[in-house]
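The structure appears below as structure tokens.
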Amino acid sequence: MLPNNEVRVPRPRVVQSAVPRDITAEFTDAASKLHGGQLVKDEMFTLFEAVGALEIMDSKMDSGYIAPGENLAQALEDDYDVRQPLTPEEVVGLMDQLLCHEVAWHKGHPLSQTLFTSIYLDRLLWPVPRTMEGARFDRVPSDSPLVGLVLRAYCLALVKSCDLVHARVATEYYYEEEDFVSQLYNRNLLSAFDISQFHRLLDQAVAWVGDQTDIDETLKQAIQSRLLFRHEFLSALHQDLEVLETRSTENFASCIAQLEPLLESVSLGKPVPEAFSLKIQRKLASTVPPRPMVNISHDDALAHMKRLCQDAIDMQQMLDYCGPSNFKTAVWTLLSRKPQPSIYIRCLLQALIVSNMTILGAVPVKDFLYDDLAELVLPASILLEANTDDVEMPSDPRFQIAQKMDGFLKRFAQPFVDTVRCACMNRCRIRRTICHTIVDWDNLQMEAEELDLELRTLSAEPPLQFQGGEPTWSFPLSSWAYNQKLVHFRLILQMGFELSIYSPEELPGMYWYLSHICSTHLGHIDRIRTFTVAARKRDLMSAGTRTGGSLQKASAFHKSFHALERLTTHIVAVDAFAIALHALYVVLARHNVLPSASSSQAYSSDRLRYEIRMKPFIPITLPELVPYDEYKREAALEGDSDVIILERASKAITEARKAWEATLANGAFIDDPSAPNKPAPVAIEEDWKRDVKDTMRACIGTSLAIEAVRKALAASSSENKSLNLEVVVPEVGSKTRWHDWWVVPQVSEKKSQA
Amino acid sequence: MNAPSELRYVRYDNSRENELVPAMRQLISKDLSEPYSIYVYRYFLYQWGDLCFLAMDDKNEMVGVVVSKLEPHRDGPMRGYIAMLAVREEYRGRGIATKLVRMAIDAMIERDADEIVLETEITNTAAMKLYERLGFLRSKQLHRYYLNGNSAYRLVLYLKEGVGAIRTAFVDPYGPPPPVPV
């Protein structure tokens with residue numbers, strides 16, 4: 001089905017000065033020559049414009065439409081009196097309803113369907129107030145301080161919190177309507193006013209409530225906790241990027257502390273539904289059809305708020321740069337939390353990850369890139385040490401190396417940082433973006449190869465010779481780029497599982513392909529390691545003549561070997577698990593017990609479906625696309641008996657369990673010996689551990705499934721019957737889907753029909 | 001209730017717009033929170049009326065409709081697109097939608113389509129099953145694609161070999177974001 005939510009923001013039109021003339025007669029004449037339904041459009045009229053069009057005078061599309069007999073004033077205005085006194089219960093009810101709307105807005109719904117349905121907010125914000133005093137519900141203030149002071153202070157502070165969220169999100173990269181709707185409908189969220197003014201009002205309100213003797217104590221506390229939450233939330237949001245300096249989690253922690261009593265007192269509130277109205281939409285924007293109010297539950301709203309605050313607190317654990325691997329792991333792990341951190345957190349993180357070509361406000365992008373190169377391919381290498389400032393003779397190879405590396409930096413820094421920052425997008429967009437950027441990385445790898453050729457002459461790199469073969473060189477920069485690309489290949493596949501892209505009958509093939517990519521990757525890491533070992537040997541041999549910096553060099557090599565080892569362990573774990581699932585699914589498919597989404601009457605063939613699946617990889621030069629026939633043979637394990645395949649599955653899953661154990665033991669982060677006193681990012685590490693443990697649970701599930709199939713197979717061969725198995729492929733989010741990336745079939749004995 | 005055999009499947013006829021389009025809109029709008037404007041219908045029907053098929057009951061009432069288009073996708077493959085599919089509630093579960101979609105696909109194949117794509121709401125399992133039975137594959141998930149905040153799957157069917165390798169021009173609107181200014 002077509003979406004009908006094209007952004008309906010009026011486009012700026014070029015206004016040309018022209019002399020107006022009446023064309024009614026000409027128009028009528030031209031129109032009379034058309035058939036009903038005939039479309040008159042220019043070349044530029046697209047489907048998007050057709051979808052974005054509104055039909056005037058259709059009540060479902062035209063928000064300004066007034067039905068015959070409808071009173072204009074009644075159609076547009078509500079007769080709700082914003083000055084009427086409210087009970088404390090109603091004030092609590094209103095505050096909580098506003099919070100629900102605020103969270104719905106955070107979650108991506110437009111203001112027109114959420115906060116801007118509030119008559120109180122509408123009155124505060126229109127006409128646009130020029131002063132804080134002018135921001136009130138009515139020109140004549142309410143006689144009730146509960147309304148004029150308490151509710152007003154709460155509403156104003158809420159609007160200001162929205163202003164701070166809006167400012168951060170709108171500055172960063174996000175997808176309009178997918179992640180967030182930035183439309184303000186010509187209202188201003190009090191952006192001109194300093195938060196101290198809001199704090200003062202909140203303080204006054206808190207004090208006034210405290211002084212009241214005729215309000216029940218529990219209600220007083222309920223109102224106060226809501227005001228205090230606003231106070232703290234405002235401070236927390238105001239901190240914004242300054243968190244890099246303040247490193248304070250205090251405000252967000254206080255928010256969480258206030259959310260506790262807030263949750264407990266929700267039941268005290270009395271809803272005031274008449275204080276919210278859809279009629280306001282008619283005044284907001286004429287280009288949007290009327291749309292329903294979005295209602296989310298108090299529990300959902302408070303849970304979302306709490307997560308937002310907790311994510312903001314935990315985010316602080318990654319603000320110290322501790323090397324490229326650790327940084328990348330922390331970013332990915334935090335942003336992979338479920339549910340995904342809110343758009344505010346994701347945008348804040350984007351800005352913290354990199355702004356002004358600086359990582360976390362402290363590390364130049366160059367250092368980050370060079371650290372990554374050093375860790376993977378170039379420990380203690382002249383390529384990274386050469387510097388045009390130190391060597392000024394243009395004829396010196398070191399000068400030329402430095403120049404080439406500067407060129408590399410200019411070309412690669414941005415795409416490299418983007419691979420990290422990409423994690424801030426919504427999950428669907430991450431996968432879609434990587435599907436496109438692998439093509440860029442394919443090109444980058446080729447460019448890097450050119451540079452490698454030039455650099456190896458300048459650095460006089462001696463080649464290696466394997467078993468009398470051709471001399472080969474390390475190609476460090478392109479090796480690094482290739483590694484990057486292989487990581488992306490794996491991510492596309494794994495996120496495909498996460499986003500439920502693959503149908504059940506594709507699972508054998510997709511896990512085969514995952515293991516194929518892993519083994520390619522492992523081969524590549526072996527190649528890198530071989531050259532690093534050789535470089536280290538050369539280094540030690542020449543150390544006899546030079547003594548300076550040998551300790552530092554040893555440490556750089558050690559770090560690199562360690563990183564390669566960790567990477568290897570991890571990919572072995574993924575590979576082995578993929579091999580096991582591949583084998584298991586092959587047996588299930590062979591015996592026709594694996595469910596299939598496609599039917600025998602389908603239009604497509606397996607070959608065509610393989611082509612769709614490989615679409616992102618078709619333009620990639622390396623690794624080469626596996627031709628369909630080869631894929632079919634390999635993925636179906638043609639020629640292997642069931643017994644052999646199940647044996648393969650058992651062996652692989654045992655290896656996978658060991659490798660995941662080892663991965664867990666290696667930990668999320670590499671210890672930084674240069675900073676032993678830095679606090680570990682415990683909260684993020686916990687997420688990472690949980691993820692690995694869930695994977696291990698999925699391994700155990702796979703072992704059980706393999707055993708169940710083995711038993712059923714033995715039974716069927718002795719009785720010469722078909723496999724008596726029922727296979728369920730658990731959906732993402734279901735209890736038996738232990739991990740989003742690992743689709744473990746639930747295999748059970750089919751209940752007898754008798 | 002009518003037996004499926006009493007249904008007639010017909011191709012849309014632009015000369016009968018006045019009678020057919022209102023019925024079509026009524027049928028389709030039922031499932032939508034916000035209706036499509038008349039321009040959306042005309043956009044498809046005037047250009048690709050022959051790719052629109054209707055199911056009519058014995059009283060000549062419309063009970064099912066499929067609306068689609070077919071054109072080169074960014075100077076690349078000839079891409080069919082199934083835009084709308086609706087079957088009146090009390091007629092569901094009889095294979096009417098499948099029949100309509102098959103008619104549209106067959107018509108597109110006749111007109112040399114390379115591929116067919118569409119989107120369907122993640123929660124619409126019936127539609128997803130229908131298309132997947134016909135051989136469509138999910139190629140991507142589209143986050144919060146619909147007004148109600150629901151996500152969608154893009155479903156794709158290749159009809160010829162080599163379609164995946166056909167290069168397309170211009171920027172894919174669902175492609176990568178432009179570089180972020182730093």
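Throughout, read-outs are computed from the coordinates displayed, never taken from laboratory work. Every value quoted in this text rests on a predicted model; they were computed, and no experiment measured them. Note that each Cβ is placed from the backbone with ideal geometry, even for glycine, and that neighbours are counted across all protein chains shown.
Straightening the chain between A:V363 and A:T28 buys 113.8 nm, computed as 0.36 nm per residue apart minus the Cα-Cα spacing. Rg over Rh for segment A:88-317 works out to 0.94, using Cα positions for both radii and the Kirkwood form for Rh.
The sum of -39500 (n - 2.57) across all DSSP H runs of n ≥ 4, divided by the residue count of chain A, sets its helix-only mean residue ellipticity at 222 nm to -19000 deg cm²/dmol.
Amide hydrogen proximity for B:S139: with H placed 1.01 Å from N in the peptide plane, the residues at 5 or more positions away or on another chain lying under 5 Å are B:R154, B:L155, B:V156. Placing a label point 7 Å from the Cα of A:S191 along the Cα-to-Cβ direction, no residue of segment A:331-346 has its backbone N under 15 Å from that point. Summarising the strand pairing of chain A, around 90 percent of its internal DSSP beta bridges are antiparallel.
Report, in degrees rounded to the nearest 10, the 0 to 90 angle that the Cα long axis of helix B:38-48 makes with the longest principal axis of chain B. Compared with the principal axis, the helix lies near 90 degrees. Across all Cα atoms of segment A:109-165, the radius of gyration (one decimal) and Dmax (whole number) stand at 11.3, 35 Å. Residues of segment B:69-92 falling in the label zone of B:N124, defined by backbone nitrogen less than 12 Å from a point 7 Å along Cα to beta-carbon, are B:82-87. Maximal additional length on extending the A:V391-A:R607 stretch stands at 72.0 nm, based on 0.36 nm per residue less the C-alpha distance. Compactness of segment A:297-349 is given as radius of gyration and Dmax, 12.2, 42 Å, from Cα positions. Considering only alpha-carbon pairs that sit under 8 angstrom and 6 or more positions apart, the relative contact order computed for segment B:8-117 is 26 percent. Residues of segment A:687-725 falling in the label zone of A:K338, defined by backbone nitrogen less than 18 Å from a point 7 Å along Cα to beta-carbon, are A:687-702. Subtracting the Cα-Cα distance of A:K693 and A:A207 from their residue separation scaled by 0.36 nm leaves 170.0 nm. Annotation: the protein assembly as shown has a Kirkwood hydrodynamic radius of 31.8 angstrom, from the mean reciprocal C-alpha pair distance. Let me see the P(r) profile for segment B:8-117: every Cα-Cα distance counted, bins of 5 Å, each bin given as a percent of all pairs. The distribution over segment B:8-117 is 2, 12, 24, 25, 19, 12, 5, 1, 0, given as percents. In percent, rounded to a whole number, the relative contact order of chain A is 11, using alpha-carbon pairs under 8 Å and six or more apart. Charge dipole (Cα centre; +1 on Lys/Arg Cβ, -1 on Asp/Glu Cβ; no other charges) of segment B:8-117 amounts to roughly 180 debye.
Between A:V40 and A:S717, the simple spin-label model (points 7 angstrom out along Cα→Cβ) gives 7.7 nm. For the residue pairs A:K107/A:K270; A:K220/A:K270; A:K410/A:K559; A:K107/A:K689; A:K485/B:K160, the C-alpha atoms sit more than 23 angstrom apart in A:K107/A:K270; A:K410/A:K559; A:K107/A:K689; A:K485/B:K160. Each label was represented as a point 7 Å from its Cα along the Cα-to-Cβ direction; for A:D440 and A:D81 these points are 6.1 nm apart. Of A:I382, B:I82, the sequence from fewest to most neighbouring Cβ atoms within 10 angstrom is A:I382, B:I82.
Which value in Å is the Kirkwood Rh of segment A:23-72 over different Cα pairs?
By the Kirkwood definition, the hydrodynamic radius is 13.9 Å.
Seen from A:T437, the other residues with C-beta closer than 12 Å to its C-beta sum to a net charge of +2, counting Lys and Arg as +1 and Asp and Glu as -1. Taking a Cβ cut-off of under 15 Å around A:A714, the surrounding Lys, Arg, Asp and Glu residues balance to a net charge of -2, with basic ones at +1 and acidic ones at -1.
Between B:R92 and B:D13, take the C-beta separation as r, use R0 = 25 Å, and let me know the FRET efficiency to the nearest 0.05.
Efficiency, rounded to the nearest 0.05: 0.50.
Helix B:17-29 and the longest principal axis of the Cα set of chain B meet at an angle near 70°.
Among A:L608, B:L130, sorting on how many other beta-carbon atoms sit within 10 Å of each Cβ, with the fewest leading, yields B:L130, A:L608. Where Rh is the Kirkwood radius over the Cα pairs of segment B:11-60, the temperature 4 °C and the viscosity 1.567 mPa s, what D in µm²/s does Stokes-Einstein return? In µm²/s, the coefficient is 113. The modelled label-to-label distance between A:R200 and A:S734, using points 7 Å beyond Cα along the C-beta direction, is 6.0 nm.
Here segment A:88-317 is treated with +1 on each Lys and Arg Cβ and -1 on each Asp and Glu Cβ, and its dipole about the Cα centre works out to around 880 debye. In terms of Cα atoms, the Rg and Dmax of segment A:51-183 work out to 17.0, 49 Å. Other residues whose C-beta falls under 10 angstrom from the C-beta of A:W473 contribute a net charge of -1, scoring Lys and Arg +1 and Asp and Glu -1. Relative contact order of segment A:88-317: 36 percent, from C-alpha pairs under 8 Å at least 6 residues apart in sequence.
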